[in-house]
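The values are calculated or read from the model by the stated rules, or taken from the named source; none is laboratory data. What you are looking at is a predicted structure, and each value in this text was computed from that prediction instead of being measured. Here the Cβ positions follow ideal geometry from the backbone for every residue, glycine too, while neighbour counts run over all protein chains shown. Ligands, DNA and RNA are excluded from the accessible area calculation, which covers all protein heavy atoms including side chains. Shrake-Rupley method; radii C 1.70, N 1.55, O 1.52, S 1.80 Å.
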Amino acid sequence: MSDGPARRSRYREVTIASIIFGVIVGAIMNAAITYAGLKIGFTIVGSAIAAVLGFGVLRGLLRKGTILETNIGQTIASAVNTPNSGVIFTVPVLLLLGYQLRVGSLDFWLITLACVAGAILGGAFIVPLRKQMLDIERLRFPSATAVAAILKSPGAGPKKSIVLLVGILLSALIAAPAQLPQIKSPAELDALEGLVEEGRITRGDMLLTQQIDAWIEAEAAPEEVVAHGRLAEELIAAREANKPDVKRDLSAEEQRARADQVDILEQKVAHAADAGRAAIQRAIADPVDRSRIGAYPLELARRSADAAAGERPWSDLRAVAVGWAPTAPFGYADLQIRLPREVDPDAEPVDFAFNGKGATDEVLTERVDRDRDGRPDLLVTDEQVDVGRFLGLPAEMQLIFAIAPFALGAGYLTGRAGLLVLAGGVLAYLVINPVLFQAGWMPATVSDHQAANFGYGNINRPLGIGLLLGGALMGVVASLPAIREAFKSIAVASAGATQATRDELGLKVLVVAVIAALLLLFVAADFTGSRAINTICPVTDQKVESADYTTTYNGYTIAFADDEAKQAFLDASDADQELIAKTMSAHKKGMLSGLDPHLRAALIAIIGALWIWFAGIIIAQCTGMTDWSPISGMALLTVVLVMLLGGPGAVLGAVLIGAALCVAITCAADMMADLKTGYLVGAMPKRQQVVELICTGIGPLITMAVLLLIVATNEQKFGVPIGVGTDTVAPQAQALEAIITGVQGGEMPYALYGFGAALGALLGLGAFSGLGVLIGLSMYLPMIYISTYGIGCLINMGVSKVKGRRWAEEWGVPLAAGFIVGDAVLALGVNAIVLLRG
Amino acid sequence: MRPLAYLLLTVSLIAGALAAATAYLAPLDALDETDLLDDNGDAKLTLSAPAGVIDPRAEPELAASITALHTELDAARKDPKPILLVRERPQVELPPIEPVETRPTGQQVLLARESVMPIGRGGDPLTPDLLAALKDAEVESVKVKSFDLMRWRFAALPGLLVFGLACAGLLAGAGLVRAAAKKEIDAHADQPSGAQESPEQAFEAIHAEVVALKQALPGLASDHERNAMIVDRLGVLQSEHIQAIIDARAPLIARLGLGGFAEFMDRFAAADRKINRAWSAAADEAFEEAMDALEAADALLPGAAEKLKPRS
């Protein structure tokens, strides 16, 4: 039959080239996205990018990649990249809470081990559910469908490839003015007035820039600023010399002298910063303009000191990092689409004249000028369009659309089912929050335009998480026959019975995974369970630098600075001990605190493993139905759960298990998405599962290494490891820190979770068991993305009605896939540029 | 029936969510000063959000009394470090910074003018004095850290009652949705629409097409032509007949039960995946692989057909 040679060539699927490609691309994306995620707070999965790159490398450069080989390449790349979100959402919180992560510390390796274990377990736990979710439930997985469309595009004919390309270009064009403004460069002096007028920079930024320019011109900065820089350098060196591992061999007196030196320098630096600011203010004539000068970046002082010492050119001060006003490529905000002016006739005038051209002393109403800067607010910013304000909806109603082609594409690919997500968002932001505000059930300090944000943080999110839990539980119950059938089928596969089932990984994998999960989580929980819960001595307020002086209280290990402090605690009355313990949240016991520490660790491990399995199902279901996944919500619940079991003081253990879970559920969702893509292109599930399970453990190692590098750089550059005051503010970790302090302060809205769960479970009783999950997800997510996503769903419905469903699938899917890819590629490119520019 | 069911679900969900949102509100009219303190004299309730506001410029005297109350509340908090061993911190003599004359900007003036002062702050214990100040300012309820079923009110009604009714509404709505779905499926089974392909018809069409394709391929001149035919004909199969089976989920579940549906889909999906593999291999010009996959799909389809028959 064949007109070629008689010997049959092997169809390329799992190849060395695809494995090397996947690992390299995944590692690069992992490192870049880890940095970007710590900086801006969200991450990119990257399957679509890897699929596009796969074509370029495997088919283009190597000229031999098949659809299935490229699929394996993208599977590995996303497996290596994906665990980063789980790590950066959780681990940095330890740094924010004062823990130290170093290559030499046990904590670092325990957390790394937990994350690697989580990555493998997440994938392994979800393997048996492949049949139920993909073969039986047929979940859509919009991004995975988009990746399949990319992979199939060369075979689907030139027209579809062109549509895909048009989608990518269109998406990049739409997203460019939303994303490019992140790329900042120093503004020209003559452009400063215009930038102030457009609201791109403040007048304070302009004044500081003009001063810096004057310093460069004169090759001299105010001596207070230079002194500030020198002292800051000295402080960083003194802190380095004061680290426990550096001064370990010194005498007690020498150690004390180093600690004193840090104390002295801290006071001097704080004073020098105030003096530097005063010097800059003094150089400005107008007393009003002087009050616009706030604290300047430390980098300005450091570079000034270096320049004054002749160690760098003065022109180095012309940089955004030192406070020089930035300019950026064109963004939507440059369109200057603002609300019409609306003057408050009753308001006493305020002198805004110095703000810039066109500003007057008339006070505008709060309706059009919420930030009270004397100008009507922008309706279109770089990232969003405020349709609610354009339509004149009451301020407590929020209707904002994100300029995010990926959300539009994901909505289109989801189609009609995604409308339920939109419905939940409408319910939360256009009905529930406004009613609560109007009824006076929000605090009186919350104004009408703050109602949406207050409702989101205090009501929608906790209720949404509850709905997700209840909905998912009901989904599992409703799907029990399908799950049973899937397990039966896989059990048959283990015996290698039929052609169909030989393609599956058997149940043995699950058994091995469960045992490994329990063992690893037990080891981690047991180790962390006996570690001190505090890093600051509760008696002396000094940093605890050794584990030599500890005692047990309420089942917790508490560490002290020295023996004297420990003795003082032991000699104190019960009431005083409780008060001291309260500062570390050690006054409350966990549910399992009374148990033997090893038994407690074993129980936490069992409950943690069960929770990982359940949370993995929730995340995979959410991703499968909508493309969104509530990872941070699940991390939050995990930390809360472990703190309830181990006690509110057991932060290290809670974060450790939270990190393992977070990595596990992201990997579970990724595994399922990759298997969906594989299904659509006809890949063998077993091969994908095996390569993914083998390669996914590399991901956390890369992320932790990048994290260590960032921490080391930050400590050297800013004197703090991460968070506020550095380039990497770690927004998600800050949110988790707030949750931890919330649990410790007894501020968690457990009742809202419970009521939400009841509503979610009942919603799932109808014809569609996933309803609770979808409504919960939409209440959990910010409205701006839901609304754009909803538009995508509506477009799909409209196109299907007008042109027919087949047409909508055939031509709409590649276009929507292009929207997802174009946005992701542009985001990665912008992040890479930001990263390279430092 | 469906619109009514969805209306009931929506209304119940809103009512349930609103009732849940009031769970941490403590209505002040139900609180008595004597209920506020425990046996040790500590406040039982703590505010989790600010409560009540005053305009300090319009009511300077009241603002002063509220400030005094805040100071009192702060002072009453117990010393968290009763045995703090203060280590001498080295003090540095630093020169004073010459003050710089500044004046507030228009924005600062406006924000200060429009700022309000909370009567109770988040984290404040609800003491009798604070309760009195809040009642004087006609504050109706405050948000507290702890939940109490007995305290829970939704407007004038017990919160639990409203939430319970909402749950009952959701339950009834779910029942109505299920009944409506069953009715529609039964009606569809009695009078199948001519325009829509039934799952059986779609399944037969798939099997027939796979067999026909296998038979047609040897007649073509080259592997390239054979691959092109596989891509074209399986492409149509995927977007038409396979989609028809996926769309028939609800009637199939109604007929086969969820377990039976799962058994059918499990087997059908195995064949479907082989069809997808045949398409990919053909698109990659790997004819032998495409043919193998087609053969495998052909072998798997009868097993799925068995599961499509209703159980006796």
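What single numbered condition from (1) open to solvent by 70 Å² or more (accessible area, probe 1.4 Å); (2) modelled with pLDDT of 90 or more; (3) at the interface with chain A (Cβ under 7 Å from one of its Cβ atoms) fails to hold for B:Val100? B:Val100 satisfies all of (1) open to solvent by 70 Å² or more (accessible area, probe 1.4 Å); (2) modelled with pLDDT of 90 or more; (3) at the interface with chain A (Cβ under 7 Å from one of its Cβ atoms) except (1).
Would you be able to say whether some residue in segment A:703-716 is within 14 Å of another protein chain (Cβ to nearest Cβ), of a type outside the set (A, V, I, L, M, F, W, C), surrounded by fewer than 21 Cβ atoms within 10 Å (Cβ to Cβ) and in contact (Cβ under 8 Å) with a residue 60 or more places away in the chain? So far as segment A:703-716 goes, no, none of its residues is within 14 Å of another protein chain (Cβ to nearest Cβ), of a type outside the set (A, V, I, L, M, F, W, C), surrounded by fewer than 21 Cβ atoms within 10 Å (Cβ to Cβ) and in contact (Cβ under 8 Å) with a residue 60 or more places away in the chain. Condition check: under 17 Å from A:Glu715 (Cα atoms) and within 10 Å of chain B (Cβ to nearest Cβ). Does A:Glu240 satisfy that? No. Taking the options A:Leu129, A:Leu134, A:Leu94, A:Leu121, name whichever one is in a helix (DSSP H, G or I), in contact with a Phe, Trp or Tyr (Cβ under 7 Å, 6 or more places away or on another chain) and surrounded by 24 or more Cβ atoms within 10 Å (Cβ to Cβ). Being in a helix (DSSP H, G or I), in contact with a Phe, Trp or Tyr (Cβ under 7 Å, 6 or more places away or on another chain) and surrounded by 24 or more Cβ atoms within 10 Å (Cβ to Cβ) holds for just one of A:Leu129, A:Leu134, A:Leu94, A:Leu121, which is A:Leu134. Check segment B:9-27 and report whether any residue there is in contact with a strand residue (DSSP E or B) (Cβ under 7 Å, 6 or more places away or on another chain), away from chain A (no Cβ under 13 Å), open to solvent by less than 70 Å² (accessible area, probe 1.4 Å) and within 19 Å of B:Thr127 (Cβ to Cβ). Checking segment B:9-27: not a single residue is in contact with a strand residue (DSSP E or B) (Cβ under 7 Å, 6 or more places away or on another chain), away from chain A (no Cβ under 13 Å), open to solvent by less than 70 Å² (accessible area, probe 1.4 Å) and within 19 Å of B:Thr127 (Cβ to Cβ).
Per the listing A:Ala451, A:Ala517, the residue uniquely assigned to a helix (DSSP H, G or I), modelled with pLDDT under 75 and more than 10 Å from chain B (Cβ to nearest Cβ) is A:Ala517.
Residues in segment A:78-91 that are touching a Cys at 6+ places or on another chain (Cβ under 8 Å) and assigned to a helix (DSSP H, G or I): A:Ala79, A:Val80, A:Pro83, A:Ser85, A:Gly86, A:Val87, A:Phe89, A:Thr90. The residues of segment A:749-778 that are among the aliphatic types (A, V, I, L, M), more than 14 Å from A:Val421 (Cβ to Cβ) and open to solvent by 10 Å² or more (accessible area, probe 1.4 Å), listed by number, are A:Ala751, A:Ala757, A:Ala758, A:Ala761, A:Leu762, A:Leu765, A:Ala767.
Filtering segment B:28-47 to residues that are of a type outside the set (Val, Ile, Thr), open to solvent by 10 Å² or more (accessible area, probe 1.4 Å) and not in a helix (DSSP H, G or I) leaves B:Leu31, B:Asp32, B:Leu37, B:Asp38, B:Asp39, B:Asn40, B:Gly41, B:Asp42, B:Ala43, B:Lys44, B:Leu45. Scanning segment A:524-541 for residues that are without any contact (Cβ under 8 Å) to a residue 40 or more places away in the chain and open to solvent by 50 Å² or more (accessible area, probe 1.4 Å) turns up just one, A:Asp541. Of the residues making up segment A:570-579, those that are more than 7 Å from chain B (Cβ to nearest Cβ) and not in a loop (DSSP other than H, G, I, E, B) are A:Leu570, A:Asp571, A:Asp574, A:Ala575, A:Gln577, A:Glu578. Here is a check on your reading of the model: is A:Lys588 away from chain B (no Cβ under 13 Å), open to solvent by 50 Å² or more (accessible area, probe 1.4 Å), touching a Pro at 6+ places or on another chain (Cβ under 7 Å) and among the basic types (Lys, Arg)? Taking the combined requirement at face value, the residue satisfies it.
In segment A:547-580, of all residues being within 17 Å of A:Leu652 (Cβ to Cβ), surrounded by fewer than 22 Cβ atoms within 10 Å (Cβ to Cβ) and of a type outside the set (Val, Ile, Thr), the one that is modelled with the highest pLDDT corresponds to A:Tyr553. Sub-7 Å Cβ pairs linking a first residue in segment A:549-560 that is assigned to a strand (DSSP E or B) to a second residue that is of a type in the set (D, E, K, R), at least 6 apart or interchain, are A:Thr551/A:Lys566; A:Thr557/A:Arg531, ordered by first then second residue. Looking only at residues in segment B:181-222 that are among the small types (Gly, Ala, Ser) and closer than 27 Å to A:Gly766 by Cα, the one that is modelled with the lowest pLDDT is B:Ser193. For segment A:664-687, indicate whether the set of residues that are surrounded by fewer than 19 Cβ atoms within 10 Å (Cβ to Cβ) and free of Cβ contacts under 8 Å to residues at least 12 places away in the same chain is non-empty. For segment A:664-687, residues surrounded by fewer than 19 Cβ atoms within 10 Å (Cβ to Cβ) and free of Cβ contacts under 8 Å to residues at least 12 places away in the same chain: absent. Please note which helices (runs of 4 or more DSSP H) are completely contained in segment B:104-193 and include at least 3 residues that are open to solvent by less than 40 Å² (accessible area, probe 1.4 Å) and at the interface with another protein chain (Cβ under 7 Å from one of its Cβ atoms). Correct list: B:159-190. Being more than 9 Å from every other protein chain (Cβ to nearest Cβ) and either buried (at least 18 other Cβ atoms within 10 Å of the Cβ) or closer than 11 Å to B:Pro199 by Cβ (or both) is a property that B:Ile253 has.
Residues are listed down the side, and each one gets a yes or a no for (1) open to solvent by 30 Å² or more (accessible area, probe 1.4 Å); (2) of a type outside the set (Phe, Trp, Tyr):
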{"site": "A:Ser787", "(1), (2)": "no, yes"}
{"site": "A:Asn796", "(1), (2)": "no, yes"}
{"site": "A:Val802", "(1), (2)": "yes, yes"}
{"site": "A:Phe819", "(1), (2)": "no, no"}
{"site": "A:Arg837", "(1), (2)": "yes, yes"}
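Condition first: more than 18 Å from the chain's Cα centre (by Cα), surrounded by fewer than 24 Cβ atoms within 10 Å (Cβ to Cβ) and within 21 Å of A:Glu747 (Cβ to Cβ). Now tell me which residues in segment A:609-642 satisfy that. The answer is A:Val640, A:Leu641. In segment A:271-284 there is no residue that is crowded, with 19+ Cβ neighbours inside 10 Å, outside any helix (DSSP H, G or I) and among the charged types (D, E, K, R). Out of A:Glu240, A:Glu224, A:Glu197, A:Glu234, one residue alone is at pLDDT below 90, assigned to a helix (DSSP H, G or I) and over 18 Å from A:Asp289 (Cβ atoms). It is A:Glu240. Taking (1) open to solvent by less than 10 Å² (accessible area, probe 1.4 Å); (2) within 11 Å of chain B (Cβ to nearest Cβ); (3) in contact with a Lys or Arg (Cβ under 9 Å, 6 or more places away or on another chain) in turn, A:Leu467 satisfies each apart from (3). Taken over segment A:538-561, the residue count meeting the criterion of being within 11 Å of chain B (Cβ to nearest Cβ) and touching a Cys at 6+ places or on another chain (Cβ under 8 Å) is 2. The number of residues in segment A:97-110 being assigned to a loop (DSSP other than H, G, I, E, B), surrounded by fewer than 19 Cβ atoms within 10 Å (Cβ to Cβ) and in contact (Cβ under 8 Å) with a residue 40 or more places away in the chain comes to 6. Are any residues in segment A:225-257 within 16 Å of A:Glu545 (Cα to Cα), small (Gly, Ala, Ser) and free of Cβ contacts under 8 Å to residues at least 12 places away in the same chain, and if so, which ones? Residues satisfying the conditions are A:Ser251, A:Ala252, A:Ala257. Being under 20 Å from A:Gln132 (Cβ atoms), open to solvent by 20 Å² or more (accessible area, probe 1.4 Å) and within 13 Å of chain A (Cβ to nearest Cβ) is the requirement here; does B:Leu258 meet it? Yes: the conditions hold for B:Leu258.
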